1. In the stretch 223-254, which residues are modelled with pLDDT of 85 or more, open to solvent by 60 Å² or more (accessible area, probe 1.4 Å) and either in a loop (DSSP other than H, G, I, E, B) or within 22 Å of P333 (Cα to Cα) (or both)?
2. Of all residues in the stretch 524-549, which are open to solvent by 10 Å² or more (accessible area, probe 1.4 Å) and within 14 Å of L560 (Cβ to Cβ)?
3. Could you check, for the stretch 393-403, whether at least one of its residues is in contact with a strand residue (DSSP E or B) (Cβ under 8 Å, 6 or more places away or on another chain), touching a residue at least 60 places away in the same chain (Cβ under 8 Å) and open to solvent by 40 Å² or more (accessible area, probe 1.4 Å)?
4. Does L257 meet the test of being open to solvent by 30 Å² or more (accessible area, probe 1.4 Å), farther than 30 Å from S504 by Cα and not acidic (D, E)?
5. Within the stretch 343-380, which residues are open to solvent by 10 Å² or more (accessible area, probe 1.4 Å), of a type in the set (S, T, N, Q) and over 15 Å from L543 (Cβ atoms)?
6. Can you name the residue in the stretch 451-476 that is in a loop (DSSP other than H, G, I, E, B) and in contact (Cβ under 8 Å) with a residue 12 or more places away in the chain and, of all such residues, is farthest from K285 (Cα to Cα)?
Amino acid sequence: MNRYLKYPLVALLCNLLVVFAMFTLTRLVFVWCNASLYADHMSAGYLFQLLLAGLHFDRTAILYLNCWMILLFLFPLHWKENNRVVFRIARILYVVVNFIGIAANLCDCAYFPYTGRRTTFNVLQEFSNEGNFLTIITNEALPYWYLFIVAGIITWVLWTCFRAPEQHLTPTTKHLTRYYITQLVLLVVASGLTIAGMRGGFTTAVRPITISNANQYVDHAIDVGIVLNTPFSIMRTIGKKPFVECHYLSDDEAQKLYSPLHQLADSVKFRPMNVVVFILESFGKQAMERGHMPFLSELAQKGMAFEYSYSSGRKSIDGMPSVLSSIPSFVEPFFLTPASMNDLSGIAGELSRNKGYTSAFFHGAENGSMGFEAFAKATGFQKYYGRTEYNQDPRYHGDDDFDGTWAIWDEEFLQFYCDKMSEMKQPFVTSVFTASSHPPFAMPDRYKAKFPPTDPPIFASIRYSDNALRLFFEKASKQAWFKNTVFVLTADHTSESIDPQFTSDLGRYKVPIVIYAPSIPELQGIADKEKIMSQTDIMPTILGILGYDVPYVAFGQDVLNTKPEDTWAVNYIPGNGYYQYVQGDWMLQFDGEKVVHAYEFKKDTLQQHDVKQHCPKEYKLRLKSIIQQYMYRMNHNQLKTHPQPLP
């Protein structure tokens, strides 16, 4: 083995493996220090799974910490190979840089019990202005003296195990030519692998891995701390603007204007109906009004639809938290913020935990893509069905039904969705996120004549997905569970905007929201032209239909049991940082300090006439209350009901 260590690549890999081993060691120390948090559910097999999952996040952190070493060892510069000074300096850097990362892990062994999550960059910012920062650290660290011993041992291991290449080159043309060609090839390959490793994968379906991805590997929220490592958590939250708490109003004033804590009267009788939620990719209202969603329009006429219905955000990762957990997208997509590590709930978690529902989330893309699997698990969905599970079902054709870019075709996957629900124990709550109406807007060859190209091309793709929806309901209507089900259909966000009313600031958030319950006459044939409905209202509205009688947290409202003049919607415009609030006849834009624009949006559909001087004061106060309580709950892990009252 020693004769191979002289090669730069082998020496580099040995050094990286040592760091991986030390990260795993600190993870074991972390589990030992916090054993009381895991004693009720931890087993050797489960712990081993968590350790393996942790390697995904260690890889990203270790590659960031050691990218300089990869470049140094593989960069084709022959004189450095015989220069011992270079690698003496490299050894010192190796120990110092990796010790910083490992020390951060050890710090969280002590800090984690107080926060319930790994340290993120905003925690460092929180203490940045403390003049006695070192005193705080020293006092808090003293009881954990044994961690200093572990740190010393790890430092010794890093120093002792560091390997430098020992390739003594002779300055001949033959040797130098072979050296430069070999090193250049290795550098190019290693660069690609390093970037992929930092990002979390190679495929287009995998966005850069974030802290929320850890949720998909755990059975209990507290176990996320084992899977993650602290350097990764800090790196992934650098530059992510933390939720800044604001104090517009006193707590009493804020909660009188608005409260995200929902509680129905004890006299309400719960009815255990199934709940099925469709999140339809890019099904903006513009396409519906242009006639490209004939089946959804037909369903809207049979059920209940809203004239004024809006999305919370403009991205797919905004839609899922808003629809299923009533969490709007303010400042940053929720998935990408430290708050994604909070204790979370949602319609699946509430019904599964308190009413005995079975639950499952469906998305035909590669498992883990977009962070959907992780979020589904964190919010209470018991099972996840993705491309992997579809491929394992002998009733279907596996990857022959893959669209070549993103996911299984909507038609086949929705048929699969229907079949799997028929196998579930009732009552159940499920959700599906469709994918076909997404760039590059492909469709199966057999449908290209039926749905010819449109301008823009997304409309043809939406027609295909709308037809897939029709076929789903044709099959579902024959199932035993169909009549005892409440269906909700909405979009994740709008699609390409053309018509002027959909290119306005408010128009870009217009999505259909349809509620269809075959066995509830009072929800049939209603086109509501007064009430304002938002994605965040879906969870509380459905729980209201069911008569759910357990307190829960949601940033929306039960629209069916709210007067029209009291319904509202709010979204956030990332480009300029405006909160956009809609109530009554008014739409106002708020920059965090003042109302910058206001419009009577029902008659001024293009938002051309700013009348902020006449904007009702109470609307601004309601918005301030929403923002204030949202920021507080995000920063203080208050996204689920707790026995203790809020301060």
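1. E245, H247, Y248
2. Q524, I526, D528, E530, K531, G544, I545
3. no
4. The answer is no for L257.
5. Passing the criteria: T358, N367.
6. Within the stretch 451-476, the match that is farthest from K285 (Cα to Cα) is F451.
Residue-by-condition table, conditions (1) surrounded by fewer than 16 Cβ atoms within 10 Å (Cβ to Cβ); (2) among the hydrophobic types (A, V, I, L, M, F, W, C):
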{"residue": "Y7", "(1), (2)": "no, no"}
{"residue": "N15", "(1), (2)": "no, no"}
{"residue": "V19", "(1), (2)": "no, yes"}
{"residue": "N34", "(1), (2)": "no, no"}
{"residue": "L37", "(1), (2)": "no, yes"}
{"residue": "M42", "(1), (2)": "no, yes"}
{"residue": "G45", "(1), (2)": "yes, no"}
{"residue": "A53", "(1), (2)": "no, yes"}
{"residue": "H78", "(1), (2)": "yes, no"}
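Residues are listed down the side, and each one gets a yes or a no for (1) aliphatic (A, V, I, L, M); (2) loosely packed, with under 12 Cβ neighbours inside 10 Å; (3) modelled with pLDDT of 95 or more; (4) under 23 Å from L37 (Cβ atoms):
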| site | (1), (2), (3), (4) |
| --- | --- |
| C107 | no, no, no, yes |
| P113 | no, no, no, yes |
| L124 | yes, no, no, no |
| F127 | no, yes, no, no |
| G131 | no, yes, no, no |
| W145 | no, yes, no, yes |
| F148 | no, no, no, yes |
| L158 | yes, no, yes, no |
| P165 | no, no, no, no |
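The values are calculated or read from the model by the stated rules, or taken from the named source; none is laboratory data. Keep in mind that what you see is a predicted model, and the values were worked out from it rather than measured. Because the Cβ atoms are built from the backbone with ideal geometry, glycine has one as well, and the counts that use them run over all protein chains shown. Just the protein is used for accessible areas: all its heavy atoms, side chains included, with ligands, DNA and RNA removed. Shrake-Rupley method; radii C 1.70, N 1.55, O 1.52, S 1.80 Å.
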